[in-house]
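*Asks:* Below you will find the structure I want to go over with you.
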Amino acid sequence: MKNRVSMQDIADKVGVSKVTVSKVLRGQSDVSESMRDKILETAKELGYVYKGSTQQECDISKIIVMTPEHFLGRSDSFYIKLFKVLSEKLDKLGIDTKLVIVDTESEKELIVPDAVKNRAADGLIVLGQFSRKYLKNLVSYELPLIFLDFYYDGFDVPSIITDNFFGAYEITNALIKKGHRRIGFVGNINSTSSIQDRYLGYYKALLEYNIPLNPKWILNDRTEDGITIDIELPDEMPTAFVCNCDEIALSLVNKLKRHGYRIPEDISIAGFDDTAHSKLCDPPITTVHISLDEMANMAIRTIMKKINKNTANNNRMLVKGKIVNRKSLAAPRD
């Protein structure tokens, strides 16, 4: 019988220590990207089977990533990019990834995909927020699962999320420090937990500087089902907007230009996520960068623990953001 491949075998082949191999296989981030890829490729080549921290054998062959259809509007969307990072990392571990997209009608009718009903995978990563009723139905099938990029109270499920509150708080502070006092927010705060937290971060920054919140400057960008709608501009305009994501920021910039406004001379625009929309915009949008690599590593570590029935933190786990300064912010004219 062929001996099981060990971490030491991988270390000897790559020419690193066993500790370095262990760090990579456990998803720690203090190893260079090139070395991490080399170790994962070698592990796959040798047929290594990952073991959890309790040394229980992990025989994981497939993980489902399930997401609502309305989050996948464009090929450069945040969720598509995050799914690609997830699938590439899982592939290096020898684990197949199946993307399951749930349309709006199926979500409303509480129709769970057959792949989940039949337990055609070892675990499930729920990428993007579904309705509470739908998730209750989903959880009832008892497939090991985690929530990615959202959370709900009342679910005993680990949630990996961006630190939306602090990211929006920081970028709103950046506007305030430039002299802005009339600052609006774009996003439907009843749509997702991410938008709610970004709104709350924006609002906290206003409170700290005793800046009154003007409800007329809170603009809706989508239905509660997540379908984007045309943004209606207020009669009296603020000097800056914090947008809940870069795609909406780009849409707002284009609409403001059509109405004769200059960005950032007349109105400053801040985004969130650091997707391609922020770079393609004219001018490029100042935004909050989210590490997809860190989110994916955290998600993979957590779902593997759930599958192996090791201890998994069922609380919210935060991925910090970082402001990327571009050219969409300026001091107000008045």
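*Asks:* Determine which single condition residue 296 fails, assuming it passes every other condition in (1) closer than 25 Å to residue 189 by Cβ; (2) in contact with a Leu (Cβ under 6 Å, 6 or more places away or on another chain).
*Replies:* With respect to (1) closer than 25 Å to residue 189 by Cβ; (2) in contact with a Leu (Cβ under 6 Å, 6 or more places away or on another chain), residue 296 is out only on (1).
*Asks:* Look at segment 21-43 and say how many of its residues are closer than 17 Å to residue 94 by Cα, more than 24 Å from the chain's Cα centre (by Cα) and either at pLDDT 85 or above or small (Gly, Ala, Ser) (or both).
*Replies:* Residues meeting the conditions: 6.
*Asks:* Within segment 248-271, is there a residue that is under 30 Å from residue 156 (Cβ atoms) and either surrounded by fewer than 23 Cβ atoms within 10 Å (Cβ to Cβ) or modelled with pLDDT of 95 or more (or both)?
*Replies:* no
*Asks:* Of a type in the set (Val, Ile, Thr) and surrounded by 19 or more Cβ atoms within 10 Å (Cβ to Cβ) - does that describe any residue in segment 195-207?
*Replies:* Taking every residue of segment 195-207 in turn, at least one turns out to be of a type in the set (Val, Ile, Thr) and surrounded by 19 or more Cβ atoms within 10 Å (Cβ to Cβ).
*Asks:* Something else: Does any residue in segment 80-108 that is free of Cβ contacts under 8 Å to residues at least 24 places away in the same chain come within less than 6 Å, Cβ to Cβ, of a residue that is among the polar types (S, T, N, Q) and in a helix (DSSP H, G or I) six or more places away or on a different chain, and which pairs are these?
*Replies:* none
*Asks:* Any residue in segment 227-239 that is within 24 Å of residue 177 (Cβ to Cβ) sitting within a Cβ distance under 8 Å of a residue that is among the polar types (S, T, N, Q) and part of a loop (DSSP other than H, G, I, E, B)? List the pairs, counting only those 6 or more apart or interchain.
*Replies:* Between residues of segment 227-239 that are within 24 Å of residue 177 (Cβ to Cβ) and residues that are among the polar types (S, T, N, Q) and part of a loop (DSSP other than H, G, I, E, B), the close pairs are 238/214.
*Asks:* Next question. Consider residue 321 against the criteria (1) touching a His at 6+ places or on another chain (Cβ under 7 Å); (2) surrounded by fewer than 21 Cβ atoms within 10 Å (Cβ to Cβ): it satisfies all of them except one. Which criterion is unmet?
*Replies:* Every listed condition holds for residue 321 apart from (2).
*Asks:* Considering each residue of segment 59-116, count those that are in a strand (DSSP E or B) and touching a Gly at 6+ places or on another chain (Cβ under 8 Å), and give that number.
*Replies:* Result for segment 59-116: 4.
*Asks:* Further, regarding this structure: Scan segment 283-298 for residues that are closer than 20 Å to residue 174 by Cα and surrounded by fewer than 17 Cβ atoms within 10 Å (Cβ to Cβ) and jot them down.
*Replies:* Within segment 283-298, 283, 284, 289 meet the criteria.
*Asks:* Looking only at segment 114-143, how many residues end up being on the phi > 0 side of the Ramachandran plot and surrounded by 15 or more Cβ atoms within 10 Å (Cβ to Cβ)?
*Replies:* 1
*Asks:* What residue, among those in segment 44-74 that are among the polar types (S, T, N, Q) and either in contact with a strand residue (DSSP E or B) (Cβ under 6 Å, 6 or more places away or on another chain) or over 21 Å from residue 126 (Cβ atoms) (or both), is modelled with the highest pLDDT?
*Replies:* If we take residues in segment 44-74 being among the polar types (S, T, N, Q) and either in contact with a strand residue (DSSP E or B) (Cβ under 6 Å, 6 or more places away or on another chain) or over 21 Å from residue 126 (Cβ atoms) (or both), then 67 is modelled with the highest pLDDT.
*Asks:* Could you list, in sequence order, all residues of segment 128-168 that are under 12 Å from the mean Cα position of the chain (by Cα) and hydroxyl-bearing (Ser, Thr, Tyr)?
*Replies:* Selection gives 151, 159, 162.
The values are calculated or read from the model by the stated rules, or taken from the named source; none is laboratory data. None of the values given here were measured: they were computed from a predicted structure. Methodologically, a virtual Cβ is constructed for each residue, glycine included, from the backbone with ideal geometry; neighbour enumeration extends over all protein chains shown.
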